[in-house]
Amino acid sequence: MNNRLKNNIFKYWAISCTLFGIAMLLIFLINIVIDGVGRIDWNFITDLPSRKPELAGIYTAIMGTVWILGLTAIIAIPIGVAAGIYLEEYGKKSRFANILEINITNLAGIPSIIYGILGLEVFVRMFGLGNSVIAGALTLSLLILPIIIVATREAIKAVPKTIREASFALGATKWQTISQQILPAAGGGVVTGVILALSRAIGETAPLIVVGALTYVPFVPQSPMDQYSVLPMQIFNWISRPEKEFATNAAAAIIVLLLITFIMNGFAIYLRNRWQKKVKW
């Protein structure tokens with residue numbers, strides 16, 4: 001068997017697997033929409049959880065998700081972007097730097113449940129934060145930090161060296177070059193990476209289960225130390241119920257979660273395309 005035939009077989013096999021995966025995803029989405037779209041209304045969005053499926057809503061789960069996402073962004077974005085800038089612009093090239101870069105890249109691929117175990121040991125038990133909003137946000141911050149760092153570094157690498165050289169030639173300092181030239185030019189890639197990282201965080205369930213997120217919370221968090229629930233936890237709770245009506249509620253909540261994720265990803269694509277049109281090298 002010659003190499004050309006092998007390549008064709010591999011190509012058609014890859015295409016077939018991709019089409020099969022897309023077909024399965026479409027079937028899943030269609031079934032979810034059919035089961036849950038009729039349940040979505042204003043009352044479903046604004047009602048509190050209930051043991052009666054016809055009265056149950058996702059208000060507390062949505063507000064918990066907003067709390068978690070907001071605190072995660074406040075914690076992870078400054079640290080991740082600053083770390084990416086330092087590693088790319090200030091860090092010296094050495095064996096230790098190479099090992100650190102490889103480990104950061106590997107951390108982005110670690111299963112989320114491992115971060116949940118780490119958060120349970122460090123934030124919940126060692127720091128005594130319990131099953132609070134801030135414990136969940138800190139855990140998810142660890143989860144998305146490697147993604148933000150890698151995205152920031154790749155965005156900075158994509159900036160042409162001529163911009164740095166021109167800035168230095170005009171007498172700008174290193175920080176002036178970074179803050180006024182490199183970061184504006186790399187901003188689209190950085191923002192896209194941040195939004196995609198937050199999109200991953202919004203759909204995580206495993207680490208939040210480990211750190212003690214509740215499946216039933218009849219109140220909205222008022223502070224970072226309050227208990228909470230999030231949309232993935234609410235969906236997990238309803239799917240585990242034997243009543244068929246709760247499965248319908250879960251399908252409706254999945255649609256809401258998918259819409260939020262698609263909006264965030266679409267916004268990231270919009271920002272990237274707009275930045276590419278604005279910044280032309």
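Bear in mind that the values in this text are calculations on the coordinates, not laboratory data. These numbers were taken from a predicted model, which means no experiment stands behind them. Reconstructed Cβ throughout: ideal geometry from the backbone, glycine too, with neighbour counts over all protein chains shown.
Of note:
- Of the residues V220, V230, the one with the fewest other Cβ atoms within 10 Å heads the list, and the complete ranking is V220, V230.
- The range 89-107-the range 132-170 distance, computed between alpha-carbon centres (Å): 14
- Label-point separation, V37 to D226 (7 Å along Cα→Cβ), nm: 3.4
- Leading residue at positive end of dipole, the chain (Cβ point charges), from T177, A213, Y59: T177
- Here the residues R200, R274, ranked from fewest to most Cβ neighbours within 10 Å of their Cβ, fall in the order R274, R200.
- In nm, spacing of pseudo-spin labels at R274 and M24 (7 Å Cα→C-beta vector): 3.7
- Listed candidates (i) 62, 49, 39; (ii) 66, 46, 28; (iii) 69, 60, 36 - label of the one calculated as Cα extents along the principal axes in Å: (iii)
- Computed across the range 55-157, the Kirkwood hydrodynamic radius from all distinct Cα-Cα pairs reaches 15.0 Å.
- Magnitude of the charge dipole, the range 154-226, Cβ model with Lys/Arg +1 and Asp/Glu -1, debye to 20: 340
- Extension gain, L259 to A97: 0.36 nm times the residue separation minus the Cα-Cα distance gives 54.4 nm.
- Compared with the direct C-alpha span, the chain from Y12 to F267 gains 88.5 nm at full extension, assuming 0.36 nm per residue.
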